[in-house]
1. Take the residues of region 125-169 that are of a type in the set (F, W, Y) and modelled with pLDDT of 95 or more: which is nearest to the ligand (Cβ to nearest atom)?
2. If you scan region 36-49, which residues turn out to be crowded, with 20+ Cβ neighbours inside 10 Å and either at pLDDT below 95 or part of a helix (DSSP H, G or I) (or both)?
3. Within the bounds of region 115-124, is there any residue that is away from the ligand (no atom under 14 Å from the Cβ), of a type in the set (S, T, N, Q) and in contact with a helix residue (DSSP H, G or I) (Cβ under 8 Å, 6 or more places away or on another chain)?
4. Does E11 meet the test of being of a type in the set (D, E), in a helix (DSSP H, G or I) and within 13 Å of the chain's Cα centre (by Cα)?
5. For the condition among the charged types (D, E, K, R) and under 19 Å from the mean Cα position of the chain (by Cα), what is the one hit in E142, E95?
6. Looking only at region 83-106, count every residue that is touching a helix residue (DSSP H, G or I) at 6+ places or on another chain (Cβ under 7 Å) and either more than 9 Å from the ligand (Cβ to nearest atom) or not assigned by TED's automatic domain parsing to the domain that holds D143 (or both) and tell me the total.
7. With the structure loaded, tell me whether T111 is in contact with a Lys or Arg (Cβ under 7 Å, 6 or more places away or on another chain) and polar (S, T, N, Q) or whether it fails that test.
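The values are calculated or read from the model by the stated rules, or taken from the named source; none is laboratory data. Worth saying up front: this structure is predicted, and the values here are computed from it rather than measured. Here the Cβ is made from the backbone with ideal geometry for all residues, glycine too, and neighbour counts use every protein chain on show.
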Amino acid sequence: MAIIDNPKYTERINQHLAKYETKRSAVMPLLYIAQEEYGWVNQAGINEVAALLNLDPTQVKSIAGFYTMYSEKPKGQYWLQVCTDLPCALKGADEFHAWLKEELGVQEGGTTEDGMFTVEHVMCLAACDKAPMLQCNFRYVEDLDQDKMLALLAKWRAEAGHSMNGRGQ
Ligand code: FES
């Protein structure tokens, strides 16, 4: 279902459109909605945002391609972005990032075979005093170590299993 036709997004879309003097200024929040719907910024999402804002899809695609918070390829259910910028690296972020990839059996930017987790490194997320840290689907998780991360992975796996059971009922 197109985002404009999905009642789940109607209020948010209208709020964003009302917030700006020119419709095109709403392109970034609408791209977030498209990413939320499809799991990444795919061509369908780009076309829908372009149509909503009377823009050319190429213009929308170029904006999505410029910013790292928009993904141009499918991601796992949990998108784990580990900060490895210098202040975090000084507190062990590189080792933590390498361990996490090995633990999940993925390369940089890769997704686990079950589609659960994508791991990639990012630049400073402005939580340097909480390293190692990452954002999971844009929510910060801080002061990490291997034990804490293993517990979180187990929790997220359990939650995903729970929600899949819920959908099937
Ligand atoms: S360097 Fe990692 S949050 Fe700032």
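1. Y140
2. G45, I46, E48, V49 - these are the residues of region 36-49 that are crowded, with 20+ Cβ neighbours inside 10 Å and either at pLDDT below 95 or part of a helix (DSSP H, G or I) (or both).
3. no
4. In short, no.
5. Exactly one residue qualifies, and that residue is E142.
6. 2
7. yes
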